[in-house]
1. Straight-line reach from Lys182: which aspartates and glutamates have a Cα under 20 Å away, not including same-chain ones fewer than 8 places off?
2. Treating only the Cβ atoms of Lys and Arg (+1) and Asp and Glu (-1) as charged, compute the dipole magnitude of the range 142-223 about its Cα centre; round to the nearest 20 debye.
3. Using DSSP loop states and a limit of at most 14 other Cβ atoms within 10 Å to flag GluC sites (Glu not before Pro), what is the longest stretch of the chain containing no flagged site?
4. For the chain, return all DSSP H helices satisfying: extent of Cα atoms along own axis at least 18 Å; mean Kyte-Doolittle hydropathy at least 1.0.
5. Between Thr58 and Thr31, what length in nm is gained on full extension when 0.36 nm per residue of separation is reduced by their alpha carbon distance?
6. Once the Cα gyration tensor of the chain is found, what semi-axes does its equivalent ellipsoid get, as square roots of 5 times the eigenvalues, in whole Å, sorted largest first?
7. Would you calculate the separation in nanometres between label points at Glu129 and Asp66, each defined as 7 Å from the Cα along the Cα-to-beta-carbon direction?
8. 7 Å from Cα along Cα→Cβ at both Met98 and Asp190: what's the point-to-point distance in nm?
Amino acid sequence: MWYASITKYKLKTFVRPVLFGNRENDLSFVTDAISYVMTENQATVCPNVPYRLLEYITTGLRSTVDSEKLLYSRKRVCFPIPKLYMLQTGLESTAEKMPEKVQYDIRLSDSYMTVEEQHKNALTEPDLEAVVHVYDFRMTLKEMLEYIESGMQPERFASYQGDLLDYALTANGITYIQRAAKKEKQNKYDMPDNVTSVADYLELLIKRDIFVDLLTEVVSNNL
């Protein structure tokens with residue numbers, strides 16, 4: 001969930017979750033005839049996100065119209081244009097697991113079953129598609145440690161300044177510090193020289209002009 005990594009530190013979010021039955025999406029709103037659904041996928045990369053967001057957007061679109069008119073009216077019912085986005089955060093142990101680009105698309109059709117070549121024809125072309133625009137701000141352990149100690153960001157992030165990147169740096173850093181603090185014999189997370197706790201890390205982000213108002217409140221509430 002957006003801000004999920006820091007809600008335990010009493011961070012007050014600006015966005016209230018939207019419920020779809022027994023499920024909860026991260027952010028959904030309609031503006032200028034466009035229906036946006038945005039989700040965060042933490043840590044483990046999940047290839048099933050297109051289907052998950054397809055469920056969300058279908059439920060959301062139907063909620064914008066009268067169901068009886070939708071099913072039985074002779075008049076066309078018009079929907080907001082759906083747009084699906086995902087923010088991918090998390091830490092990876094090796095660079096080989098990192099994506100080639102920060103921004104890329106994943107599709108529902110990537111998960112369709114394959115058919116043998118001799119059976120391929122017009123009838124096997126999928127009639128249903130969902131495209132999710134991904135912003136992948138995963139970082140390696142080395143990249144995260146360098147950012148905490150020196151403020152150095154991966155070069156691939158250079159074109160993506162703003163709240164999405166700031167959130168990823170916040171979430172990834174909190175995860176790193178929490179894991180580094182664990183007393184395990186084979187802990188792969190080295191504690192940074194300049195930070196020893198999550199509170200220290202949040203104060204560091206404030207000094208770097210990241211989410212100053214929000215994080216100032218978090219730190220103040222936990223003193």
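Every number in this text was worked out from the coordinates using simple rules, so none of it is lab data. Please read these numbers as outputs of a predicted model, since none were measured by experiment. Positions of Cβ are backbone-derived with ideal geometry, glycine not excepted, and every protein chain shown enters the neighbour counts.
1. Leaving aside aspartates and glutamates fewer than 8 places away in the same chain, those within reach of Lys182 are Glu92, Glu143, Glu146, Glu149, Asp190, Asp193, Asp200.
2. 460
3. Answer from the scan: 1-99.
4. Helices meeting the criterion: none.
5. The span from Thr58 to Thr31 would gain 8.0 nm if fully extended.
6. Details: eigenvalues 286, 110, 40 Å².
Whole-Å semi-axes of the equivalent ellipsoid: 38, 23, 14.
7. Roughly 3.4 nm, to one decimal.
8. Here the modelled spin labels are 1.6 nm apart.
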